[in-house]
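Have a look at the structure that comes next, please.
The values are calculated or read from the model by the stated rules, or taken from the named source; none is laboratory data. Since the model is a prediction, treat every value here as computed from it, not as a measurement. Cβ coordinates were reconstructed from backbone atoms using ideal geometry, including for glycine residues, and neighbour counts include every protein chain displayed.
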Amino acid sequence: MAKQMKQVMDIRVSKGITVGQSNEHQRKWSEKGWDSAVSTGNYDRSREALNFEIRKGGVITPVDKRKSIPQLMAENLAERGIKDPNENRETPKYRTVVNFILGGTRERMLEIAFGNQKVDLAKGTDNSHIKRSPDIELWAQDMYRFASDKWGEENIVAFIVHLDETNPHIHMTLLPIDKDKKFAFKKMFAGKDKYEYKEIMLALHDELAKVNEKWGLKRGNSIAVTGAKHRTTEEYRRDLTEQCTTLEGQIEENKKILKQLYDDIRFAEKRVKGLTTMTLNLEQRKEELEKEIVAVNEELKNGKGNSEELHERIKKLDNDLQKVLDNLADKQAKLKHANEQLDELKSLKDKAKELTYQYEQQLRASTANLSQQVRFRLADVLLDDLIRDFKMILPTLSPDTKESLDDSLLQDMAEHGEEIIKCAIFLYANMVDQATNFAKGHGGGGGGSDLPWGRKDDEDDRAWARRCLMMAHRMMKPSGKNMRR
């Protein structure tokens, strides 16, 4: 069966954008920065020249590295007379940037980007002969028009297409500013609660899929629509074991890189300190020579001392001063470069730390997923066995015992457990109307349409699931029966 090609849209909100992130988007790295990036990520420097960006009006240009994205953001706000609410704050407070990654399934994106050309994705391969396909530019322009129409072209700070990684994609930096020229992330993206946020995101994926349809990229189906078809526990275990092994390797590799970066930073800090001291000493010597020249000129002016000797002395002082100035300019240039290298190393360190943290989180999640999957399977089997055993012994119970079990969850689950579970699933998905209609359509009273329903802020998955099950049990009771409130 042919593999389905799906679109990708990843959205991450932040309280600004750092120079380090900007350098990554623009590939504004030194040789050492490139070496580190290639060793830690899926970058192919031989394809870096294929990257491009889209600017105002949908114009395609090479990536402009002259100004960082934070500078472009500041200029954008200044031109529009909008103040950055995080400006002059020691700790940023407001969500002012929405970072998008737009792309799709790797095979299809490589085809759009390079056509029939064969790209060798092995690390360190030379792909400098590869040409950029016109299709990737047309696709990127479609994405740019979609974003411009949806959120306003004036809010797009950067729109960079990366063709030097394993999977071609777009990095878009967007300002969540509404028509009233105010930062409004919650209104534009989050909604008033998590349910509205979910609806906004689902609608956004649907809208993007209409644009991507002509490019052979489809929207992924929601589990709520398709119904979850779980893999066997062995398949799940095998996949997760492979993930864990990969993640453990990435964590170890990143720790080695971090150690090297910390060593490089310590060396760079010593170099900056040494150059700073030399610069200060030269500046002090410069001031001393300038004062001495002024004093000798004053003596010459007032006719004190031998004129010829004073002229020779001034000439020597001027020569000494010029040497100091040349040396000072050299040290200042080296100090500036050393500071830039130090900043870049610190940025790479922060990125490596963030990657390590992400890998550790993914490793914990993968391990927890396996445990949760096994727990679900065991609970599913246990529930079936308990209900089956109860059905078998129910006829043997005395009338008094049967009466004591009347209307209990155990008895109702034995009689129509499948319907109760289905009703509970609707409630868990916050589909209250569907749950009510389902209950009424299967002989239940519906539980009353005026009952408030929703997940509590402090309610974990287990407590929420239990409350949904208990409510479904009530809703599935015939309307003639008294329901406990």
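Does at least one position in region 129-139 carry a residue that is part of a loop (DSSP other than H, G, I, E, B), surrounded by fewer than 14 Cβ atoms within 10 Å (Cβ to Cβ) and at pLDDT 95 or above?
The answer is yes; a qualifying residue exists.
Scanning for something in contact with an Asp or Glu (Cβ under 7 Å, 6 or more places away or on another chain) and at pLDDT 90 or above, does region 18-32 turn up at least one residue?
Looking for residues that are in contact with an Asp or Glu (Cβ under 7 Å, 6 or more places away or on another chain) and at pLDDT 90 or above, one finds at least one in region 18-32, hence yes.
Check Phe376, Phe438 and return the single one that is closer than 30 Å to Lys198 by Cβ and either at pLDDT 80 or above or among the polar types (S, T, N, Q) (or both).
Phe438
Would region 185-203 turn up any residue that is more than 30 Å from Val38 (Cβ to Cβ), among the hydroxyl-bearing types (Ser, Thr, Tyr), in contact with a helix residue (DSSP H, G or I) (Cβ under 8 Å, 6 or more places away or on another chain) and surrounded by 14 or more Cβ atoms within 10 Å (Cβ to Cβ)?
Yes.
If you don't mind, another one. If you scan region 1-25, which residues turn out to be of a type outside the set (A, V, I, L, M, F, W, C) and closer than 18 Å to Ala352 by Cα?
Matches in region 1-25: Thr18, Gly20, Gln21, Ser22, Asn23, Glu24, His25.
Next question. Residue by residue through region 229-278, note down the ones that are modelled with pLDDT under 85 and either at positive phi or polar (S, T, N, Q) (or both).
Of everything in region 229-278, those that are modelled with pLDDT under 85 and either at positive phi or polar (S, T, N, Q) (or both) turn out to be Thr232, Thr233, Thr241, Gln243, Thr245, Thr246, Gln250, Asn254, Gln260.
Right, something else. How many of the residues in region 398-420 are charged (D, E, K, R) and under 16 Å from Met475 (Cβ atoms)?
Looking only at that region, the number is 5.
Can you list residue pairs whose Cβ atoms sit under 9 Å apart, with the first residue in region 142-154 being free of Cβ contacts under 8 Å to residues at least 40 places away in the same chain and the second being of a type in the set (Lys, Arg)? Count only pairs 6 or more apart in sequence or on different chains.
Gly152/Lys179
Here is a further query. For region 427-445, which positions are closer than 19 Å to Arg466 by Cβ and without any contact (Cβ under 8 Å) to a residue 24 or more places away in the chain?
Met431, Val432, listed by residue number.
Identify the residue in region 28-76 that is in a loop (DSSP other than H, G, I, E, B) and among the hydroxyl-bearing types (Ser, Thr, Tyr) and, among all such residues, is surrounded by the most Cβ atoms within 10 Å (Cβ to Cβ).
Out of the qualifying residues, it is Ser68.
Tell me whether region 75-85 contains one or more residues that are at pLDDT 95 or above, in contact with a helix residue (DSSP H, G or I) (Cβ under 8 Å, 6 or more places away or on another chain) and within 12 Å of Ala158 (Cβ to Cβ).
Taking every residue of region 75-85 in turn, at least one turns out to be at pLDDT 95 or above, in contact with a helix residue (DSSP H, G or I) (Cβ under 8 Å, 6 or more places away or on another chain) and within 12 Å of Ala158 (Cβ to Cβ).
Looking at His169, is it closer than 20 Å to Phe114 by Cα, touching a Gly at 6+ places or on another chain (Cβ under 6 Å) and either basic (Lys, Arg) or in the same structural domain as Lys83 (by TED's automatic domain parsing) (or both)?
Criteria met by His169.
Looking only at region 210-221, count how many residues are more than 21 Å from the chain's Cα centre (by Cα) and surrounded by 12 or more Cβ atoms within 10 Å (Cβ to Cβ).
7
When the residues of region 427-446 are narrowed to those that are assigned to a helix (DSSP H, G or I) and crowded, with 21+ Cβ neighbours inside 10 Å, which ends up nearest to the chain's Cα centre (by Cα)?
Leu427
A further question on this structure: How many residues are surrounded by fewer than 17 Cβ atoms within 10 Å (Cβ to Cβ) and of a type in the set (A, V, I, L, M) when one looks only at region 77-93?
2
Considering only residues that are in contact with a His (Cβ under 9 Å, 6 or more places away or on another chain) and of a type in the set (A, V, I, L, M), which ones fall in region 51-84?
Within region 51-84, Val63, Ile69 meet the criteria.
Still on this model: Quick check: anything in region 168-180 surrounded by 14 or more Cβ atoms within 10 Å (Cβ to Cβ) and free of Cβ contacts under 8 Å to residues at least 60 places away in the same chain?
Checking region 168-180: at least one residue is surrounded by 14 or more Cβ atoms within 10 Å (Cβ to Cβ) and free of Cβ contacts under 8 Å to residues at least 60 places away in the same chain.
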